[in-house]
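The values are calculated or read from the model by the stated rules, or taken from the named source; none is laboratory data. As the structure is a prediction and not an experimental result, all values here were calculated from the model. Ideal geometry is used to build each Cβ from the backbone, glycine not excepted, and the neighbour counts take in all protein chains shown.
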Amino acid sequence: MSGFTAGVIVFPGSNCDRDAANAWKELGCGEAKLLWHQSTELQNVDIVIVPGGFSYGDALRAGAIARFAPIMDEVAKFAAGGGLVMGICNGFQILCEAGLLPGALARNEGLKFVCKHVDLRVETTNSPFTSTCEKAATLSIPIAHGEGRYICAPETHAQLVDEDRILFRYTGGNPNGSQDDIAGVLGGPRRNVMGMMPHPERAIRAGLGSADGACVFQSILATLTQAQV
């Protein structure tokens, strides 16, 4: 298969790893490798996807144990070198716990698990993950989380705003009480790490209720292709 290789990490309790791998392949981005959490090799992948689910049963708090998995040391090195890292839902939580993204994810304001389609506004296209999206466009993407309320210190929020690192905001209603309606952020030395609570891999074709998530994967593909030229 032509294209690029995505490495999708599998933790005990991951349940969106296959969804992410299938989305990558179905959209023609390339092949996907499932990487076990105890591995110490990323197998020369072009992008790392930290998928959704309930790693380690969300014991202590979501992502708190997964951040100590051996493979996360390799993910940190990969990100520090400019490699693309994408965290979805539980993956977002794990990346925050690992210090690869700023802020934290707390219990939903209503203290209930929320599973539904929500509207997101694309806040920046200056990223490897949204470069082919239209700025200020509204995307319909599903969420499924109990700890999705993004929070951060005032100085961190100011930096995110000043540096244009807020990737998505909820629009038309905030489903979890997230600070400043934040649904996704950018980090990394080259804006190369992202985390988002909604699930773009579950919105890649109309039969799933929306194809709006495809632009995220298409943006990554465009970024990797441009870097190869």
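Restricting segment 180-216 to residues that are of a type in the set (A, V, I, L, M, F, W, C), part of a helix (DSSP H, G or I) and over 16 Å from the mean Cα position of the chain (by Cα) leaves a set whose member that is farthest from CYS96 (Cα to Cα) is ALA206. Taking only segment 187-229 into account, find how many residues are of a type in the set (S, T, N, Q) and at pLDDT below 95. Selection size over segment 187-229: 2. Would you be able to tell me the number of residues in segment 95-138 that are touching a helix residue (DSSP H, G or I) at 6+ places or on another chain (Cβ under 9 Å), within 28 Å of GLY57 (Cβ to Cβ) and in contact (Cβ under 8 Å) with a residue 60 or more places away in the chain? Result for segment 95-138: 7. Which residues, taken from segment 64-84, are crowded, with 24+ Cβ neighbours inside 10 Å and either in contact with a helix residue (DSSP H, G or I) (Cβ under 8 Å, 6 or more places away or on another chain) or among the polar types (S, T, N, Q) (or both)? If the condition is that a residue be crowded, with 24+ Cβ neighbours inside 10 Å and either in contact with a helix residue (DSSP H, G or I) (Cβ under 8 Å, 6 or more places away or on another chain) or among the polar types (S, T, N, Q) (or both), then ALA66, LEU84 are the ones that fit. Criterion applied to GLY13, GLY57, GLY52 was being of a type outside the set (Phe, Trp, Tyr), within 23 Å of CYS96 (Cβ to Cβ) and out of contact with any helix residue (DSSP H, G or I) (no Cβ under 9 Å at 6 or more places or on another chain), and the one residue passing it is GLY57. Of all residues in segment 11-31, those satisfying the criterion of being of a type in the set (A, V, I, L, M, F, W, C) and either surrounded by 24 or more Cβ atoms within 10 Å (Cβ to Cβ) or touching a Gly at 6+ places or on another chain (Cβ under 7 Å) (or both) are PHE11, CYS16, ALA20, ALA23, TRP24, CYS29. Of all residues in segment 32-54, those that are buried (at least 20 other Cβ atoms within 10 Å of the Cβ) and not in a loop (DSSP other than H, G, I, E, B) total 7. ARG61 fulfils the conditions (1) modelled with pLDDT of 95 or more; (2) charged (D, E, K, R); (3) within 22 Å of ALA104 (Cα to Cα); (4) surrounded by fewer than 16 Cβ atoms within 10 Å (Cβ to Cβ) except for a single criterion, (1). The residues in segment 124-145 that are farther than 21 Å from ALA79 by Cβ and surrounded by 21 or more Cβ atoms within 10 Å (Cβ to Cβ) can be counted, and the count is 5. Just one of the numbered conditions (1) without any contact (Cβ under 8 Å) to a residue 60 or more places away in the chain; (2) over 18 Å from the mean Cα position of the chain (by Cα); (3) part of a loop (DSSP other than H, G, I, E, B); (4) more than 26 Å from GLN226 (Cα to Cα) is not true of GLY57: (3). Strands (runs of 3 or more DSSP E) fully within segment 62-179 that include at least 1 residues being touching an Asp or Glu at 6+ places or on another chain (Cβ under 7 Å) and hydrophobic (A, V, I, L, M, F, W, C): 84-88, 104-106, 114-122, 138-145, 166-171. Scanning segment 97-112 for residues that are closer than 17 Å to PRO189 by Cβ and either in contact with a His (Cβ under 8 Å, 6 or more places away or on another chain) or of a type in the set (A, V, I, L, M, F, W, C) (or both) turns up ALA98, LEU100, LEU101.
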